Amino acid sequence: VFNAAVIGAGPAGIFAARELAQAGVAVTLFNRDIKPGGLAEYGIYPSKTKMKDGLRAQFRQILAQEGLRYQGNVTIGQAGDGAALSLSDLRGMGFDAILATVGAQGTKWLGLPGEDLRGVYHAKDLVYHYNHLPPFSAHEFAIGKRAAVIGVGNVMLDITHWLLEE
């Protein structure tokens, strides 16, 4: 049996694991967070329960497939960066293939003067905060009565919603 490790349980990782498992591959899906879903779990505004519940049901169905094993709360990275496992560790565990499906958790800055000042935050930090993902859930954000939001995608609209409720 061909064995594959999939790193990251956001939508890309979950659906890749599904395709591999359906093709007869034994898949272990590793995730840094306890819950699968990535930004589909932690990035959607809390009151959008119908959307979240639908995605969670779909993810549960995929993760229940035969030949697919989920390992949450496992950090994979370079030696010395606090990771529980390295890519070498995964290779040593006998995986025939390793697929990395990570990326949305990173922050991308625009390079604007002042973006390193107090009160300037990345969208990821805020959505993780209002969705109660540790350690962001315990972080204090200094937000005044006036705020500027850069971007008009779904996440930025959700952040604007959250700011209006704060």
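Observations on the model:
- For the chain, the longest principal axis of the Cα atoms and the long axis of helix 49-63 meet at an angle of about 20 degrees.
- Residue separation of PHE15 and ARG91 scaled by 0.36 nm, minus their Cα-Cα distance, works out to 25.1 nm of gained length.
- Amide H contacts for ARG69 (H built 1.01 Å from N in the peptide plane; partners 5 or more residues away or on another chain; cut-off under 5 Å): VAL27, THR28, LEU29.
- Rounded is the label for segment 110-166. Its Cα gyration tensor axes, ordered a ≥ b ≥ c, give a/c under 1.5.
- In terms of packing, defined here as the mean over residues of other Cβ atoms within 10 angstrom, the peptides 27-39, 144-156 line up highest first as 27-39, 144-156.
- Segment 61-140 shape via C-alpha gyration tensor axes, a/c threshold 1.5: prolate
- Rounded to the nearest 0.05, the FRET efficiency derived from the C-beta distance between HIS139 and GLN61 at R0 = 30 Å is 0.35.
- Number of Lys pairs (Cα under 21 Å; 8 or more positions apart or on different chains) in segment 32-166: 8
- Linear extension gain, ASP53 paired with LEU163, 0.36 nm per residue minus alpha-carbon span: 37.2 nm
- In summary, the chain shows an alpha-carbon radius of gyration equal to 1.17 times the 2.2 N^0.38 Å reference for compact globular proteins.
- Positive-end extreme of charge dipole, segment 1-153 - chosen from VAL25, PHE59, GLY72 (charges on Cβ): PHE59
- In percent, rounded to a whole number, the relative contact order of the chain is 25, using alpha-carbon pairs under 8 Å and six or more apart.
- With an a/c value of 1.5 or above and a/b not larger than b/c for the gyration tensor axes a ≥ b ≥ c computed over the alpha-carbon atoms, segment 1-98 is described as oblate.
- Using distinct alpha-carbon pairs, which all enter the 1/r mean, Kirkwood radius of segment 9-63 in Å: 11.6 Å
- Structure-based [θ]222 nm, the chain - -39500 (n - 2.57) summed over DSSP H runs of at least 4, per residue, nearest 500: -10000 deg cm²/dmol
- If R0 is taken as 25 Å, the Cβ-Cβ distance between HIS122 and THR75 corresponds to a FRET efficiency of 0.80.
Quick note: the coordinates plus some simple rules give every number you see, no bench work behind them. Please read these numbers as outputs of a predicted model, since none were measured by experiment. Because the Cβ atoms are built from the backbone with ideal geometry, glycine has one as well, and the counts that use them run over all protein chains shown.
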